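The structure appears below as structure tokens.
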Amino acid sequence: MVPTTERSVSGGAPSAAVRYPSTSSAATADTAWLDLARVSAMLAVVLVHVFAPVVTTRYTDLGTTTWWTANAVDASLRWCVPVFIMISGSLLLRPREERLSVFYRRRFSRIGIPLVVWVTAYLLWEVYRTGITPREAGGEILSGAPSIHLYFLFVLAGLYLLTPFLRVFVEHAGTPTVWWFAGLMSVIGMADQAIAGLDGTGEANAVTQFLPFVGYYVMGYLLRDVATTRRRTWGAAVTLLLGIAATAVGAGLLARAEGGWGSAADYLYAYLSPTVLVMSIAAYLLFRAAGGRLLAREGPGAAAWRSRLKTVSDLSFGVFLVHVMVLYTLRDLFGMPDGPIAMLSRAGQYAIAVLLLSLAVTFVFKRIPGLRATV
């Protein structure tokens, strides 16, 4: 369900409607690792978008040192979107007493306004930037991907639609049954992306964008409270490194066999390729382990760090919405140089500028009543 374009090589988005428990300091400490994961994934998404056009050979040739450098960085960050989805599942799938009308009003009032506003904004921007026609803009909306990142809003909408029913399932089904369900949905998602990517059939649309990600959503809930022993943490670290290496090397070999960046290499980058699946689960477990050790401590110093992290985490959705427009504007003006050192330097400059500008825009929007609901 991911086309072979920069959109598929590029990343995704933080969850829109997540609100973290804050009724006590203990609850804040318990969930601080989710803020760490969310902020890290936000940074990863920005970097994925920075490096994507180099990987797809827009700014360099396949197989050059510049290309392999960008490929290594991009491959190491492919966990970003799955981790965002697992964060949402960990927070929203816990069984609780909540009427359907209340749940849908809360979730869709939070995501509905940004979806309408930013889809409109990005399509109008593309009319100015590339001259797309109204018919083409309508097709982008129906595809559920009006920009390289806004497909994630359609994914969230679909997952939220299922959440009340999934809550009932995870509450009353035994844990092994829920694991089998998560595994089955992941296998179906991998098969779907393989068929869509390699054969070009069954592309996603606005209604079906979310389906391949149900497995990740449920796994986020299942893995939230798993014990992070030293052995399990080291196992996750090794698995992450192996997943990164397999993705980077495999994409390079497949691209060389195809004579250019094509559907086979693009599939290995997909969020439900086997290498990215294991990489994402490992990254999620590592964030939990790191957060549990570094952020769950008591004392004013630890509480201050959690508070700062929470502040940035709360801005991450707005950064996601804004950053593509900022990045593309900068890249249209200044391009991307060839050569690994020059490319890395420019990529770093873009990442810093995009993050600072997007954070500033989001910070301002959140303080203006008419714009607060859009971020």
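Here are the numbers for this structure:
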read-out	value
Subset of segment 160-188 (residues that are touching a Gly at 6+ places or on another chain (Cβ under 8 Å) and closer than 27 Å to residue 316 by Cβ)	182, 185, 186
Members of segment 161-181 that are in contact (Cβ under 8 Å) with a residue 60 or more places away in the chain and of a type in the set (Ser, Thr, Tyr)	163
Identity of the residue in segment 80-108, free of Cβ contacts under 8 Å to residues at least 12 places away in the same chain and assigned to a helix (DSSP H, G or I), that ends up surrounded by the fewest Cβ atoms within 10 Å (Cβ to Cβ)	101
Answer residue from segment 136-178, given it is outside any helix (DSSP H, G or I) and in contact with a helix residue (DSSP H, G or I) (Cβ under 9 Å, 6 or more places away or on another chain) and is surrounded by the fewest Cβ atoms within 10 Å (Cβ to Cβ) among those	173
Residue 183 vs. criteria modelled with pLDDT of 90 or more, surrounded by fewer than 16 Cβ atoms within 10 Å (Cβ to Cβ) and assigned to a helix (DSSP H, G or I)	yes
Hits in segment 124-160 (condition: free of Cβ contacts under 8 Å to residues at least 24 places away in the same chain, farther than 30 Å from residue 215 by Cβ and under 23 Å from the mean Cα position of the chain (by Cα))	126
Residue in segment 113-120 that is under 30 Å from residue 30 (Cβ atoms) and of a type in the set (S, T, N, Q) present	no
Unique match (being at pLDDT 90 or above, of a type outside the set (Val, Ile, Thr), in a helix (DSSP H, G or I) and under 20 Å from the mean Cα position of the chain (by Cα)) among 321, 330	321
Single residue of segment 340-369 satisfying the filter (surrounded by fewer than 12 Cβ atoms within 10 Å (Cβ to Cβ) and over 22 Å from the mean Cα position of the chain (by Cα)) that is farthest from residue 55 (Cα to Cα)	369
Test set (1) modelled with pLDDT under 85; (2) surrounded by 15 or more Cβ atoms within 10 Å (Cβ to Cβ) - residue 211 fails condition number	(1)
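The values are calculated or read from the model by the stated rules, or taken from the named source; none is laboratory data. Computed from a predicted structure; not experimentally measured. Don't worry about glycine lacking a Cβ; one is built from the backbone with ideal geometry, like all the others, and counts go over all protein chains shown.
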